[in-house]
Structure formats: C-alpha cells, structure tokens
Amino acid sequence: VVRNASALAEALVAQGFRLVSGGTDIHLMVVDLRPFDADLTGKEAQAVLDIGGITLNKNTIPDDPRSPFVTSGVRIGTPSVTTQGMREPEMAQIAELIARILRHRSDAASVAAARAEVAALCGKFPAYT
C-alpha cells in the first residue's frame, strides 16, 4: 500500500501536481491542485473525476485560500487499488488518467474516453468479493 502511494505520489508530481507534504510515507496523500491549474478547485476535481470513474475527496490544504466547501486540494489513497492487486506500474497509469481528465474536464468526450480506460484497468483487477 505504501509503495503504491509512493509511486502514485511520484507520478502525480511528474504530471505537475504538488504534494502538500512533498511526498508520502503512508497510504494517502493530499494534493495541491493550484500548481497544476490555478483555476481548478477540489470540488470541481472531485466531481469530474467521479464522472471519469476515479473516486477521491476534495480536501483543504494548509493556508487554503478557498473555503472548506470548495478547497484547493484533493486527498487520494491507495488501499483500495492495492487490495484489488494493482502495483506501481498501475499507479503511473492512474496519475496519467487523473491529469488527463482534469486537463480536459470541459470536454465530455475526453472524460468519457478516459472513463472507458479506467473501466478497462479496473476490469483487470476485480474488487475483492
């Protein structure tokens, strides 16, 4: 779980995001969205990523200029995907999908195409039953 979190953190930084702590030593991370896109809010990111098939939560960041109902960040964890069997290579793919969905958030066709890729990835790693 922690190795996956580290791999996901590194891949998100490579996509232009900033991790609030600079990295992670645990199963989750808080991501500041402002360096990636100054206009993007945590609320909007959570909503569009949900449409794209990726679930995470909006989260405030230290000294957040936005309200707790809007936020400038998101919180991402790796326990679920790790339990499904995903490893470090999939973390890079997840980071790329997150970045692509957020970059093209106003293009419904792009978000739908990414959602199909998310579904295909998840199809290779069925949830624990």
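The values are calculated or read from the model by the stated rules, or taken from the named source; none is laboratory data. Computed from a predicted structure; not experimentally measured. Glycine also receives a Cβ, built like all others from the backbone with ideal geometry; neighbour counts cover every protein chain displayed. In case anyone asks, the SASA skips ligands and DNA or RNA and just uses the protein heavy atoms, side chains included. Shrake-Rupley method; radii C 1.70, N 1.55, O 1.52, S 1.80 Å.
Some notes on this structure:
- Simple Cβ-charge dipole of the chain, Lys/Arg +1 and Asp/Glu -1, about Cα centre, in debye nearest 20: 180 debye
- Whole-angstrom Cα spans of region 80-128 along principal axes, big to small: 33, 17, 14
- Inter-centroid distance (Cα atoms) of region 55-85 relative to region 1-40, Å: 10 Å
- J(HN,Hα) series, region 113-128, from Karplus relation 6.51 cos²θ - 1.76 cosθ + 1.60, nearest Hz, glycine and proline x: 5, 5, 4, 5, 5, 4, 4, 5, 4, 5, x, 7, 10, x, 5, 4
- For R18, distant residues with modelled amide H under 5 Å away: D32, F36
- Cα gyration tensor shape for region 51-93, rounded if a/c is under 1.5, else prolate or oblate: prolate
- As computed over the chain, the Cα convex hull volume per residue (Å³): 96 Å³
- Under Karplus coefficients 6.51, -1.76 and 1.60, residue-wise ³J(HN,Hα) of region 25-31 in Hz, glycine/proline x: 10, 10, 7, 9, 8, 10, 10
- Shape call, region 13-72: gyration tensor on alpha carbons, a/c limit 1.5: rounded
- Solvent-accessible surface (1.4 Å probe) assigned to V48 amounts to roughly 10 Å².
- Relative contact order (%) - criterion: Cα under 8 Å, at least six apart; region: the chain: 27 percent
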